[in-house]
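Everything below concerns the one structure shown next.
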Amino acid sequence: MSQAVKAPKEPVRKPKVESYDLSHSDETLHLATDLAKFIKENKLTTNVQGKEFVNVEGWQYAGSRLGIVPVVEHVINVSNDQEIKYQAKVILFDLKSGQTVGAGFAVCSNKEQGKKFYQEFAIMSMAQTRAIGKAYRNILAWIIRAAGYEPTPAEEMDYAGNTPIVAETPAPAPQAASAAPVAMKAVPAESVAAAESSAPAYASASQKEEIIRLLNHPVVTRAEKTKMLLNINRLDEERATQAIAKLKKAIDDRENGQTAAAA
């Protein structure tokens, strides 16, 4: 009797992980789109006064997609009797070229607001974390900006220190005789609503992603990409809508052989 022949198993193909090259602007624009999605899905931002700052994990992700990894070169204890303080230096190592491509210094102290009761190891760790973010910020800030976020690592922001301090109003001096109350003129509700609605609403994340996607089209020039990316975080919703419409029209015109400005 003939035995059944088993079909050989096909090798499992692992999905290829896409990497990017910092020297190619077109590739880094694709990275900005990927980065914006990753940061949003994993909630890697901290909101400070209405602005989104990327946590160090987001910066590390951007670096890893470029083959750039952080290496802590040294951590120095610069404490004294009254203060726990550490200084850290981080270098960025390019796995492709085998060269150092950036560096960052940072310090952390228990004299900072909100860190009075931090243990020494936590102060030392935060100094390293800040140095990692700073090193990446020195070379990748424009990519984070292109992704639609503030180009400063969240760990560098002093959250408590950024809240406005309300000065106490001195009590009025006592008057000899009570004056008759003065009737206050009521402010119409329509005026209040108009004032509130006049504040500009900045472009949404989806609008920024659409602009970046359109900028990656081959017919858009590098100069036009750079100009738009430098101003992308200044756009309000109306101007972002206009920019998207203008980009789409310019792309259509150029594909049909016509000349039109994209930005």
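The values are calculated or read from the model by the stated rules, or taken from the named source; none is laboratory data. None of these values were measured; they are calculated from a predicted model. As a convention, Cβ positions derive from the backbone with ideal geometry for all residues, glycine included, and neighbour counts pool all protein chains shown.
Residue count for the range 126-147, restricted to those that are surrounded by fewer than 17 Cβ atoms within 10 Å (Cβ to Cβ) and either without any contact (Cβ under 8 Å) to a residue 12 or more places away in the chain or of a type in the set (Phe, Trp, Tyr) (or both): 2. The set of residues in the range 109-152 being assigned to a loop (DSSP other than H, G, I, E, B) and farther than 21 Å from Arg234 by Cβ consists of Asn110, Lys111, Glu112, Gln113, Gly114, Lys115, Lys116, Phe117, Tyr118, Gln119.
Residue count for the range 95-130 under the criterion of being within 14 Å of Lys85 (Cα to Cα), touching a Gly at 6+ places or on another chain (Cβ under 9 Å) and hydrophobic (A, V, I, L, M, F, W, C): the result is 1.
Number of residues in the range 51-84 that are of a type in the set (Ser, Thr, Tyr) and either within 18 Å of Lys134 (Cβ to Cβ) or touching a helix residue (DSSP H, G or I) at 6+ places or on another chain (Cβ under 7 Å) (or both): the value is 2. Here Ala262 fulfils each of the conditions (1) on the phi < 0 side of the Ramachandran plot; (2) among the small types (Gly, Ala, Ser); (3) modelled with pLDDT of 75 or more apart from (3).
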